[in-house]
Amino acid sequence: MMRGERTRMEIMEQPDAFARTLNSIENEAMRASDAIKGRFIYATGSGTSFHAALVLQRAMSKIASERVISIAASEIPYWLPDDLKGTALLAFSQSGESRDVLVAVDFYRKHGGEVVISITNTEGSTLDRLSDITIVTRAGKEESIAATKTYTSQLAASFLLSICVAEEKGAKLDELKEELRKIPGAMRKTIEICQQKAFEAASRIKDKDIGFVLGSGSNYPTALEGALKLRETSNLHYEGFAAREFLHGPIQLVSKHTPVIVISNGIQEVIDRVKVYEAPVMEIGGDMPVIKVRDEFSPAVNIIPLQLLAYKTSLLRGLDPDSPEKLSKVVR
């Protein structure tokens, strides 16, 4: 198999995986929404799965008016209170075997936590067995080290769960659910129109060791995930920031040698500031086109150009995005 072929295939499979997840988990999501009713919710995960937890936090807040705090799994023992009665924990892990996530669940249980809901791609995993309810994403086996299709399938589960929680409260969201069903088509079209542009962008950044990815609102987690993909696959030091937070210190590092990738949604002022320092600016939705969808669901579409960029940059640098040498699929 050619270098990067698994990553390429798994990026291409995302629309089908997203649709398969939506079509398969509604009963699980409804059970989960009933279980967390009236509880304060913590969400957790590691790496890419933590970014999915952040997307869930915002979707639950905006769609279902729920109070959710997302905390990286390795930090759960240091941040959660000692008395966790009346709460629920939503734990993300593509493998269901991440040591940090399992430790977080154990800590939660030992301190009175009553409801654990997992969102995992692996039925029968340790996390599945430790959970009261499991939402099993249907991404199919993911062989590449860097997560792509399991991430967007986690987002599918997060969006549908948020809608189910809102409906549990009496909201009528048929139109929103119909918009969610359109996302796989938007993902598929974005893959089609973005590949050549992503290659051109990769040619521009392949020799730039340091850069930034900026997003805001629903796409702040997308910026974090896009930067992580570039670090994982391309050995480039890219950092993700909330767009205006970038002005509070990190902009000091900007120069004509530091590309800035911007997920454009109302942050023109930040783009203008960055251009003052002659930084190469690339816009998701401009230089790398995407199909525009409802803002709440846009992370599932806007991550695709960043995945393609990381994949193509890795190849141009002579690396194998399927198997970064210092990483493993399951961190123990």
Given charges at Cβ of Lys, Arg, Asp, Glu: the chain dipole, positive-most of 2, 133, 78:
2
Gyration tensor verdict on the range 179-332 (Cα atoms; rounded if a/c is under 1.5, prolate if a/b is larger than b/c, oblate otherwise):
rounded
Taking the dipole of the chain about the Cα centre (Lys, Arg +1; Asp, Glu -1; charges at Cβ), the one of 150, 253, 60 that reaches farthest to the positive side is 253
At the level of C-alpha centres, the distance separating the range 128-162 and the range 24-50, in angstrom, is 11
Magnitude of the Cβ-charge dipole of the range 1-108, K/R +1 and D/E -1, about the Cα centre, nearest 20 debye?
260
Give the longest segment of the chain that steers clear of GluC sites (Glu not before Pro) in DSSP loops with at most 15 neighbouring Cβ atoms within 10 Å, not counting the sites themselves.
144-277
Heavy-atom accessible area of the chain with neighbours in place, 1.4 angstrom probe: carbon+sulfur share in percent works out to 48
If every Lys and Arg gets +1 and every Asp and Glu gets -1 at its Cβ, then about the Cα centre the range 99-165 yields a dipole, in debye to the nearest 20, of 40
Pair-distance profile P(r), taking every C-alpha pair of the chain, with 20 angstrom steps and integer %:
34, 58, 8
Keeping all protein chains in place, calculate the accessible area per residue for the chain (probe 1.4 angstrom), answer in Å².
42
The chain, dipole about Cα centre (Lys/Arg Cβ +1, Asp/Glu Cβ -1), debye to the nearest 20:
320
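The values are calculated or read from the model by the stated rules, or taken from the named source; none is laboratory data. Remember, it's a predicted structure, so these values are computed and weren't measured experimentally. Quick reminder, even Gly has a Cβ in these numbers, built from the backbone with ideal geometry, and neighbours come from all protein chains shown. Accessible surface is based on the protein model in full, side chains and every heavy atom, while ligands, DNA and RNA are left aside. Shrake-Rupley method; radii C 1.70, N 1.55, O 1.52, S 1.80 Å.
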